[in-house]
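The values are calculated or read from the model by the stated rules, or taken from the named source; none is laboratory data. Every value quoted in this text rests on a predicted model; they were computed, and no experiment measured them. So basically every Cβ, Gly included, is an ideal-geometry build from the backbone, and we count neighbours across all protein chains shown.
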Amino acid sequence: MIRPWSAYGVPRGERLMPEVFRALGYQTAMVGKWHLGHAHAGMLPHNRGFDHFYGFVNAEIDHFDHTKLGGLDWQRNGRGVRETGYATTLMAEEAVRLIERRDRIRPLFLYAAFNAIHAPMQAPEETLRQFSHIPQKNRRTVAAMTHCLDAAVGRILAALDKQDMARETIVMFLSDNGGAPGLGSDNRPFRAGKMTCFEGGVRVAAALRYPAAVRAGGEVRQMISVLDLLPTLAAAAGGHPLAGQELDGKNMWPQITGAAEVEREPFFVACKRNETADYQFGLRYGPWKLVREVNASKPPAPDLLFHIGEDPHEQKNLAEAEPAVLKRLRAELDRWRALHPRSDIDSSMNPHPGWFPPRDYAEAAADYPLPSG
C-alpha cells in the first residue's frame, strides 16, 4: 500500500500500459486515481507514458474538495488545480473533453480510474435523496455513488457514439476488487469481501464492448485477471511491443473473441489483512481453490480447499475429502511463496517522524528530481 508519506512507487524499469500503447502509435490519456507512486515528479502519470493526466495520486481523497489529509490532491499534468464539483462527475467531463478534442489521426487509449465507490463514502445530497428509502446510511451512500458512476460511464459511452467511435472502440468496465462489507457493499452470494482472497474479495463482474469484432451478448466463463489486461489489449490492438518484458498475465483475446480456448496456469493471490504480518493467500488451479491464512501471532490455521466449479460460494471445505488435491495445491503455493518472499517495504499506517501533508501533492512532487530507479 502506497501511503501519502511513502517514498516508493512502481519502479521505472517496469514498462507500463500507456508506454506500450504509445509505442503502438496511440495518444494516451488518464483520468482518476493513480496511486502508483507520487513522491517524485518522475513517478507521476504524465512521466510514465500518459500524454495527459487529470486526477489524483493518493487513495481515499475527499470526493468534493479533492484533498488528502488536508493537502490538495487534484492535478492536471503535474500542476495542482482547484475545482468545484463531485470527483466522479469531473472525471467524466474530462474524459468526454479528451474524446472530443483528440487527435483524429492517431488512435486513443483512455484509462478512466473512477474512485467511486471507494471510501470515503460521499455522494451529492440530491443523489442521496433519490435513495432515501434505504435505511442503512452506508448502503444508501453506496447506491448514490453507484448511480453517479453509472451516469459518468454513460456520458463516456454517449461521447463515443456522438464522435462515431463506438464500433471501432474497445470499452472495458471492471473493478479491482470486491466490495467492502463494512462500508455498505454486499458481495453475496459470494463469500466475504475486500481484503480477503475469498471469491467476494477477488471475483468481480466485468463487461467488454467491441462491436467490430466481439459479438454482443456473449459470455466468457474462463477466469480473466487484471494482470491479463496489458497482453490482451496489446494483442487486440494488433501490436507486439512486449518482447523481452516478463509479464504475469496472459493474452486472453482469443478466449474473448471465441477464436480459441486459453489454458490457465496456477493463479496466485496474496492479501495483507492488517498492519501486522497477517496475510491470506489464494491459489486457483483449474476448478480448485486453496485459501491459506497466515497469522504472526497465532498457530497456523488449516488450509481450506474448495471446488469453485461446483461450489463458487466456498461453503464446503474439501481439504479432508481430497487429500491428493490438497497436497498438490499446497506444494504449488509453497513453491510460489519461495519465489516471491514478503517485501520489506514499509507500508505503515503511521507517518514517518517529521512528515506532514503538503499543501499541494503535485507541487511537492515537483520539488524532487527524477529518480534513477
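To keep it simple, each residue is scored yes or no on (1) of a type outside the set (Ser, Thr, Tyr); (2) surrounded by 12 or more Cβ atoms within 10 Å (Cβ to Cβ); (3) outside the structural domain of LYS316 (by TED's automatic domain parsing); (4) without any contact (Cβ under 8 Å) to a residue 24 or more places away in the chain.
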residue	(1), (2), (3), (4)
ASN177	yes, yes, yes, no
GLY184	yes, yes, yes, no
GLY193	yes, yes, yes, yes
TYR210	no, yes, yes, no
GLY217	yes, no, yes, yes
Checklist outcome for this item: Condition set hydrophobic (A, V, I, L, M, F, W, C), more than 15 Å from THR169 (Cα to Cα) and part of a loop (DSSP other than H, G, I, E, B), scope the stretch 204-230, selection nearest to the chain's Cα centre (by Cα): answer is VAL204
Item to check | Single condition LEU233 does not satisfy, out of (1) in contact with a helix residue (DSSP H, G or I) (Cβ under 9 Å, 6 or more places away or on another chain); (2) exposed (fewer than 15 other Cβ atoms within 10 Å of the Cβ); (3) part of a helix (DSSP H, G or I) | outcome: (2)
Next on the checklist: When you scan the stretch 311-319, do you find a residue that is within 24 Å of ASP176 (Cβ to Cβ), modelled with pLDDT under 95 and in contact with a Lys or Arg (Cβ under 7 Å, 6 or more places away or on another chain), even just one?
Outcome noted: no
Checklist outcome for this item: Scanning the stretch 125-180 for residues that are among the aromatic types (Phe, Trp, Tyr) and either in contact with a strand residue (DSSP E or B) (Cβ under 6 Å, 6 or more places away or on another chain) or closer than 29 Å to LEU229 by Cβ (or both) gives PHE173
Item to check | Total residues in the stretch 330-370, condition at pLDDT 85 or above and outside any loop (DSSP other than H, G, I, E, B) | outcome: 16
Checklist entry - Applying the selection to the stretch 23-47, what residues are closer than 20 Å to ASP228 by Cα and modelled with pLDDT under 95? => result ALA23, LEU24
Checklist entry - free of Cβ contacts under 8 Å to residues at least 12 places away in the same chain and either touching a strand residue (DSSP E or B) at 6+ places or on another chain (Cβ under 7 Å) or loosely packed, with under 15 Cβ neighbours inside 10 Å (or both): does that describe GLY244? => result yes
Checklist entry - In the list VAL96, VAL10, VAL31, VAL57, which residue meets the criterion of being among the hydrophobic types (A, V, I, L, M, F, W, C), outside the structural domain of ARG167 (by TED's automatic domain parsing) and in contact (Cβ under 8 Å) with a residue 24 or more places away in the chain? => result VAL10
Checklist entry - Can you tell me which residues in the stretch 111-158 are surrounded by fewer than 18 Cβ atoms within 10 Å (Cβ to Cβ), part of a loop (DSSP other than H, G, I, E, B) and free of Cβ contacts under 8 Å to residues at least 40 places away in the same chain? => result PHE131, SER132, HIS133, ILE134, PRO135
Item to check | ARG292 at pLDDT 90 or above and closer than 30 Å to ASN350 by Cβ | outcome: yes
Next on the checklist: Suppose we filter GLY85, GLY49 for residues that are surrounded by fewer than 22 Cβ atoms within 10 Å (Cβ to Cβ), touching a Ser or Thr at 6+ places or on another chain (Cβ under 8 Å) and assigned to a loop (DSSP other than H, G, I, E, B); which single one remains?
Outcome noted: GLY49
Item to check | Set GLY249, GLY244: member being in contact with a Pro (Cβ under 8 Å, 6 or more places away or on another chain) and not in a helix (DSSP H, G or I) | outcome: GLY249
Checklist entry - For MET30, are the conditions met, namely being assigned to a strand (DSSP E or B), under 17 Å from the mean Cα position of the chain (by Cα) and crowded, with 17+ Cβ neighbours inside 10 Å? => result yes
Next on the checklist: Please determine whether any residue of the stretch 88-105 is assigned to a helix (DSSP H, G or I), within 23 Å of ALA364 (Cβ to Cβ) and charged (D, E, K, R).
Outcome noted: yes
Next on the checklist: Looking at the stretch 305-321 only, could you name the residues that are in contact (Cβ under 8 Å) with a residue 24 or more places away in the chain and not β-branched (Val, Ile, Thr)?
Outcome noted: LEU305, PRO312, HIS313, GLU314, GLN315
Checklist outcome for this item: Given the conditions (1) over 20 Å from the mean Cα position of the chain (by Cα); (2) surrounded by fewer than 19 Cβ atoms within 10 Å (Cβ to Cβ); (3) among the small types (Gly, Ala, Ser), every one holds for ALA59 apart from (1)
Checklist entry - Is there a residue being exposed (fewer than 12 other Cβ atoms within 10 Å of the Cβ), touching a helix residue (DSSP H, G or I) at 6+ places or on another chain (Cβ under 8 Å) and at negative phi anywhere in the stretch 261-269? => result yes
